[in-house]
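Below you'll find the structure, written out as structure tokens, and then a few comments.
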Amino acid sequence: MNELVTLMGASRRLHVLVCWPEAQVEHDDTHILTSLPEVFKSGAYGRRPQESVSLYKCLEAFLQEEPLGPEDMWYCPGCKKHCQAIKKLDLWRLPEILVIHLKRFSYSRFSKNKLETYVDFPIDNFDLSPYIVQKNGQSCSRYMLYAVSNHYGSMGGGHYTAFVHQGGDQWYEFDDSHVYPISQEKIKSSAAYVLFYRRVIEA
Ligand SMILES: [Zn+2]
């Protein structure tokens, strides 16, 4: 441990090498190690303010296969035992009102963290048609944004405001007892937390 601390002081970066016994590697499914999630970003040098991701990329990540770890075993009715499995979510039918809750708060056993990533979300034309499993008999898969709930602050305390669409290009900001007109260009920010979409009515 003393050696590690010295290393950190010199390069500000800590590399940890873990060696498993050969027998253990054969016993465990190491496939899940290929997609380890980022659970903690240090504020000191991990923060990248320009970091941006599109809402479509978030959706693709949400719909990706997720290997379940050894602590999340699935009981297989065929083998009659618990085994490591893969979880997969799909979109089957779409609702009239679509609410997207961005996971800005990450929890682990060791840390709680707010993710300030800028999510670039569509306003006029959020097209979900490529992500629907059941293609036939669908009503329109395009959505228009009509409201955004924002969260400012951290895990300990914060403040919520809302942007609401009021026809044409007109948006309003609701902040406690104050309501201001706001231009559509200001709707997207890294404070966006919950997105409210309404299905486009086709002519
Ligand atoms: Zn099985």
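Radius of gyration over Kirkwood radius for the range 81-154, both on Cα atoms: the Rg/Rh ratio is 1.06. Backbone phi angles across the range 51-64, fed through the Karplus curve with coefficients 6.51, -1.76 and 1.60 (θ = phi - 60°), yield HN-Hα couplings of 3, 9, 9, 7, 4, 4, 5, 4, 5, 4, 5, 5, 8, 6 Hz in residue order; Gly and Pro are listed as x.
Give, as a single signed number, the net charge of other residues whose beta carbon lies under 12 Å from the beta carbon of LEU63, with Lys and Arg counted +1 and Asp and Glu -1. That works out to -1. When the chymotrypsin sites (Phe, Trp or Tyr not before Pro) in the range 46-133 are filtered for DSSP coil states and for at most 10 other beta-carbon atoms within 10 Å of their beta-carbon, the remaining sites are TRP92, PHE110. Based on protein heavy atoms only, the range 140-201 ends up with 53 Å² per residue of surface accessible to a 1.4 Å probe. Surface listing: CYS79, CYS19, CYS140, CYS58 arranged by accessible area from highest to lowest gives CYS19, CYS79, CYS58, CYS140, probe 1.4 Å. Computed over neighbours whose Cβ is under 14 Å from that of TYR131, the net charge equals +2, Lys and Arg +1, Asp and Glu -1. The modelled label-to-label distance for the pair SER183/HIS82, using points 7 Å beyond Cα in the direction of Cβ, is 5.7 nm.
Modelled spin-label separation between GLU116 and GLN64, with each label point placed 7 Å from Cα along the Cα-to-Cβ direction: 2.4 nm. Each residue, LEU17 and VAL194, gets one label point 7 Å from its Cα in the Cβ direction; the gap between the two is 4.9 nm.
Net charge in the neighbourhood of TYR172 (other residues with Cβ under 15 Å of its Cβ; Lys, Arg +1, Asp, Glu -1) is -4. At what distance in angstrom do the alpha carbon centres of the range 169-203 and the range 81-129 lie from each other? Each part reduced to its Cα centre gives a spacing of 20 Å.
The values are calculated or read from the model by the stated rules, or taken from the named source; none is laboratory data. The structure presented is a predicted model; accordingly, all values stated were derived computationally and were not measured. Reconstructed Cβ throughout: ideal geometry from the backbone, glycine too, with neighbour counts over all protein chains shown. Heavy atoms of the whole protein, side chains included, go into the accessibility calculation; ligands, DNA and RNA do not. Shrake-Rupley method; radii C 1.70, N 1.55, O 1.52, S 1.80 Å.
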